[in-house]
1. Among F269, F242, which is the only one that is surrounded by fewer than 20 Cβ atoms within 10 Å (Cβ to Cβ) and part of a loop (DSSP other than H, G, I, E, B)?
2. Select, from A184, A132, A108, A178, the only residue that is closer than 23 Å to R41 by Cβ, surrounded by 15 or more Cβ atoms within 10 Å (Cβ to Cβ) and at pLDDT 95 or above.
3. For K236, state whether it is in contact with a strand residue (DSSP E or B) (Cβ under 8 Å, 6 or more places away or on another chain) and either exposed (fewer than 15 other Cβ atoms within 10 Å of the Cβ) or not assigned by TED's automatic domain parsing to the domain that holds L534 (or both).
4. Output the residues belonging to segment 533-552 that are buried (at least 17 other Cβ atoms within 10 Å of the Cβ) and either part of a loop (DSSP other than H, G, I, E, B) or touching a Cys at 6+ places or on another chain (Cβ under 7 Å) (or both).
5. Condition first: touching a Gly at 6+ places or on another chain (Cβ under 7 Å), in contact (Cβ under 8 Å) with a residue 24 or more places away in the chain, within 22 Å of Q596 (Cα to Cα) and surrounded by fewer than 21 Cβ atoms within 10 Å (Cβ to Cβ). Can you find one or more residues in segment 501-508 that meet it?
6. Inside segment 205-230, can you point out the residues that are within 27 Å of D281 (Cα to Cα), over 30 Å from the mean Cα position of the chain (by Cα) and touching a residue at least 60 places away in the same chain (Cβ under 8 Å)?
7. Checking N352 against (1) over 13 Å from Y423 (Cα atoms); (2) surrounded by fewer than 21 Cβ atoms within 10 Å (Cβ to Cβ); (3) touching a residue at least 12 places away in the same chain (Cβ under 8 Å): exactly one of these is not met. Which one?
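The values are calculated or read from the model by the stated rules, or taken from the named source; none is laboratory data. Everything quoted here is computed from the prediction, not taken from an experiment. Cβ placement follows ideal geometry from the backbone for every residue including glycine, while neighbour counts extend to all protein chains displayed.
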Amino acid sequence: MRVVVVASAAIAAVCACSAVNSGVAPPTLDGDVVSRAGDFRLTDTSRLSHELYYYRYAPAIVLMSQTDGSRLSRAAARELGRLQVAYASRGVVFFMINSNPKDSPEAARFEAESNKFAVPLLVDDLQLVREALNIQREGEVFVLDPKDGFKVAYHGPLDGRFTKSDPDSNSIVTNAYAALAIDAVLLGKSIADPRVAITVGKRLAPLDRGWEKAGISYSETVAPILREKCVSCHQKGGIGPFQMNSYETVKAFAPMMRETILTRRMPPFFADPHIGKWSNDTSLTPAEAKTLVHWIASGAPRGTGEDILKTHPAEAPEWPSKLGKPDVIVQLPSFDVPASGLVEYQRMIVPNPFNDDVWLRAVAFQPGARAALHHITTKYFADPNFPAKIPGSTVGSYVPGAGVQVYNLGTGAPVPAGGSLRYTMHYTTTGKAMTDSTKVGYYLLKTPPEIIRRAVEITNPGVYIPAGTARHVEYAYVEFPADALVYSVHPHAHYRGYAAELTQITPSGKESPILSVPHYDFNWQLDYDLAKPLLVKKGTRIRAKWIYDNSAHNRGNPDPKRNVTWGEQTPDEMMYFRVNYRWMAETSRHVRNDLQDQVNQSRIIGAVDVNMDGKLQISELRGSYASLAPRFAKLDLNHDGGLDLSELKAANVTEDVARRFKAADADF
């Protein structure tokens, strides 16, 4: 299904305007040499994303082109690693860039790992950064001066040894071009040799520049791409800060569009395209991204033909057009959001609107105050006087970037009759008082489905992020007690969330990534729906990995001087991954709540079991688990140095931990 984006208008405006206000000008040429680098974002071989503008604080940035399997590139990588060590105390940032179209991301990852590269290797899979920097060969070094608008202070080889076709990086350095350039930038002095010709090293495969001669048609090519991938937000009644309703408007925003493509902010879909396939993928294809960037680079010409954005203007529907009007609409109570300050979670309870047991096929949210409503979670609560005949479940959730949830064909979410529905509303203040009056639309199945859609949350309520840490890592996992089919996954963190991964680990120890989000964006919290459901075998663990940025360089960090723990408010932090699936041994006629209980029980160990041995060592007792440390010896009944689930149950520890998980689940 296609995601209908329903994020706040304020967020959308920030996303759009950040390109204009980033302080990084588009690249400029001095003859055939780029004199100033523009902003871009690339993912390294460890699947971590890097944006050039993030490193604006560095006194100098060094980039070097690289190719796989090359003796020159490997020698240059070793020498660049030595320079990185030499300038570490002075804050200089180093990267290598692989822009060779013949080198796949998997091959680059193998090259980096097998050669133990010390400098991060960025993969320019679309070759758009190569075009922007005009990279022609391996071994090209760029020394950038962030203080001067990312000016290319030096372009050439590392040193004199790399002007030869067979360099020996262990020989004596001659003509230390790059090091001298770095020194000059650090001291604010001019560089004796700012441009040194590179005549050796493998030439990269020629780029396809046919578009320069043939031209790109706005009418036949560009406008249809924008209509398909962008207009759903940038239309009348949409959340975009401007409407894509004419060529003139598009051209006016063309420079900003170029940067949002190169920094991979828009369209908002952040899964690594090389890991998994997603049915709700709204990102540009490689061909579409190149087409738009090339069209803008050629001056965004109008050409001839119909302007479909003007002749067929789009308007946002009240409810998702593919679903139509909901079967049942719940009007939530109004809430006045103040202009400033932290707002406690509002928990709104309404009588169950369903007179009979029902199964949901989709849920849509219509926020009343998009700018202030950050997220909604829902729960079904049974009437204690009338036992439910079918299991209860969540009744949908709303987060920025995903306003509708459509369940896979053949599945459904059960809602028993009676009881009540609780909506937990998280509001954030915007500087302007407003009133929220949200509607929730429910789409029902006419007959019960064969499959029950289940969910488990992989969380660690004991998350602890030290002050000032730029890349703090947290892990947690769950273990599946039976075969299951995974349909959808959803990562969630707050402002310090930087990157996330979800990996399956089979009982034999084989690891394979399910989802990689190299750069997490708090403003767009998406579901990732697998194009083909993933079979997870009994005994498999699904492990969540979160990387947090609690440094001062994180532009969204509320307070980099604070040690951050779990909390429901955005200045606090969360570690969360929701996994939606079905049990292969369960149908709507044969409910297996025992399996659900077991997978939830596995979280008690999985939350902090970093070494994944199925036990808790005393060194793993962090955060809310730290209170177990003084009793560790008594709790360790078999004296094997670890606490397993049976030992925790024997000491009634699991009940306390389970309460913490329940509270954490309720927070989100």
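1. F242
2. Just one listed residue meets the conditions, A108.
3. Spelling it out, K236 is indeed in contact with a strand residue (DSSP E or B) (Cβ under 8 Å, 6 or more places away or on another chain) and either exposed (fewer than 15 other Cβ atoms within 10 Å of the Cβ) or not assigned by TED's automatic domain parsing to the domain that holds L534 (or both).
4. If the condition is that a residue be buried (at least 17 other Cβ atoms within 10 Å of the Cβ) and either part of a loop (DSSP other than H, G, I, E, B) or touching a Cys at 6+ places or on another chain (Cβ under 7 Å) (or both), then T540, D549, N550, S551 are the ones that fit.
5. yes
6. W211, I216, S217, Y218, S219, E220
7. (1)
Here's the yes/no breakdown for (1) hydroxyl-bearing (S, T, Y); (2) in a strand (DSSP E or B); (3) out of contact with any Phe, Trp or Tyr (no Cβ under 6 Å at 6 or more places or on another chain); (4) modelled with pLDDT of 90 or more:
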position	(1), (2), (3), (4)
P326	no, no, no, yes
I329	no, yes, yes, yes
S340	yes, no, yes, yes
P353	no, no, yes, yes
P387	no, no, yes, no
P391	no, no, yes, no
L409	no, no, yes, no
